[in-house]
Amino acid sequence: MERKIKRIGVLTSGGDAPGMNAAVRAVVRTASSQGVQCVGIRRGWNGLISSDFTVLDSSSVSHIINKGGTMLYTARSQEFLNEAGRAKALNTCKLLGLDGIVAIGGDGTFRGALAISRQASECGMSLRVVGIPATIDNDIGCSHYTIGFDTACNTAIECIDKLRDTMQSHERCSVVEVMGRHAGYLALYVGIAIGATAVLIPEREVDFDRDIVEKIRRARLAGTTHYMVVVAEGAGSAMEIGERIHQEIGIDPRVTVLGHIQRGGSPTARDRETASRMGYEAVMALAEGAEHCIIAVQNGCLVRFEMEEALQMKKQFQMERYQILEALTNRMDHDY
Ligand code: F6P
């Protein structure tokens, strides 16, 4: 018979993502519905090391579902990477009587969760951990979706639509850098959605003539007089791409690095609803005895993956979406 959980911790870690608050809210409200107490751990794993926490009840998480950022703050913890740091964190878990932790974040967050759960077992403690994928990069191998991605896409699209207005008026070229760390999901989705002239992603080696010069040439032959180029930060620097366009094509682009604006904003319906479902599922997984798992989205449904197995999974490059992008940007009918 699984030991009933009585008290759990919840934390947010790594780069913040719109929808994290909705996930925290769902964890707290679901725990409350199951008669489980909840402790909010501030500033990611650092909060356990420095005993920075606050008891949360269902009222503590009112009016946050629509707020970007995270009420628990977030951080990347260097001290937690070593055993001594995790020992301090375990001491806090023991003092608080935590049976489990819900960790909301990315791969690094989950590796930390697995490490502390294992270290707890070595000390004769039981500390169950569940991960909720939350990053605007959408780069968690086991999950088709991560909280924050949809909101970040819509923020970038809104910004680039505004850029297009002025580029069209001045008949200019805009080079826009989007986030994504080492992944190109944001650039790929946003590029398709804004009708980009060209998109550079880290998953495809950049051939400047093929990927930029030819795309702009054909667009120009088709009568277009302004050009929108989207660059994933992992594929290169928009500034350098802009300078090269100036040197090799002779047009003088305007460069925009969207940066951290993509991390803010009120979460979209998709992020609020997905985060709420994931928060619920995480608490139920703990209550049903899951030791260490990640709540992932697979084809729109939530699944629980064993954490170690999940961390080994690699995401398949979305070649089909890239082929669609190529078809929509190649303008082959103007290749004379
Ligand atoms: O992982 C989310 C992310 O926004 C990446 O897209 C970006 O490269 C990174 O975080 C920026 O990190 P920081 O907020 O620490 O500058």
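Values for this structure:
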read-out: Neighbour cut-off at most 14 other Cβ (10 Å), DSSP loop, trypsin sites (Lys or Arg not before Pro), the range 1-43; value: R3, K4, K6
read-out: Bins of 10 Å, starting at 0 and running to the largest distance - Cα pair percent for the range 2-157; value: 12, 43, 35, 10, 1, 0
read-out: Relative contact order computed over the range 231-336 (Cα-Cα under 8 Å; 6+ residues apart), in percent; value: 11
read-out: Diffusion coefficient, µm² s⁻¹, Stokes-Einstein with Kirkwood Rh over alpha-carbon pairs of the range 60-109 at 25 °C and 0.890 mPa s; value: 186
read-out: Diffusion constant of the chain at 4 °C, which comes from Stokes-Einstein with the Kirkwood Cα-pair radius and 1.567 mPa s, µm²/s; value: 62
read-out: Rg/Rg_ref, the range 19-100, where Rg_ref = 2.2 N^0.38 Å and atoms are Cα; value: 1.13
read-out: Relative contact order, percent, the range 59-208 [alpha-carbon distance under 8 Å, six or more residues apart]; value: 15
read-out: Nearest-10 value in Å² for the accessible area of M239, using the 1.4 Å probe; value: 100
read-out: Accessible heavy-atom area order of C123, C293, highest first, probe of 1.4 Å; value: C123, C293
read-out: At q = 0.12, 0.16 Å⁻¹, base-10 log of I(q)/I(0) for the range 107-207 (Debye sum, equal scatterers on each alpha carbon); value: -0.54, -0.76
read-out: Convex hull of the range 278-336 built on C-alpha atoms - directionally averaged projected area, nm²; value: 5.8
read-out: Extension reserve of the V206-D161 stretch, reckoned as 0.36 nm per residue once the Cα distance is removed; value: 13.7 nm
read-out: Space enclosed by the convex hull of the alpha-carbon atoms of the range 77-152, per residue, Å³; value: 95
read-out: Cα centroid separation, the range 278-326 to the range 164-208 (Å); value: 27
read-out: Where the range 175-275 is the region considered: accessible area per residue in Å², 1.4 Å probe; value: 42
read-out: Per-residue SASA entry for K215, accessible area with 1.4 Å probe, Å² rounded to 10; value: 10
read-out: Rel. contact order, % - alpha carbon contacts under 8 angstrom, at least six apart, the chain; value: 23
read-out: Lysines whose Cα lies under 17 Å from that of K94, excluding same-chain neighbours fewer than 8 positions away; value: K4, K6
read-out: For the range 187-301: Kirkwood Rh in Å [reciprocal of mean 1/r, alpha carbons]; value: 17.4
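The values are calculated or read from the model by the stated rules, or taken from the named source; none is laboratory data. No experiment lies behind these values; they were computed from the predicted model shown. FYI the Cβ positions are ideal-geometry reconstructions off the backbone, even for glycines, and counts take in every protein chain you see. Calculation scope for accessible area: heavy atoms of the full protein, side chains included, ligands and nucleic acids excluded. Shrake-Rupley method; radii C 1.70, N 1.55, O 1.52, S 1.80 Å.
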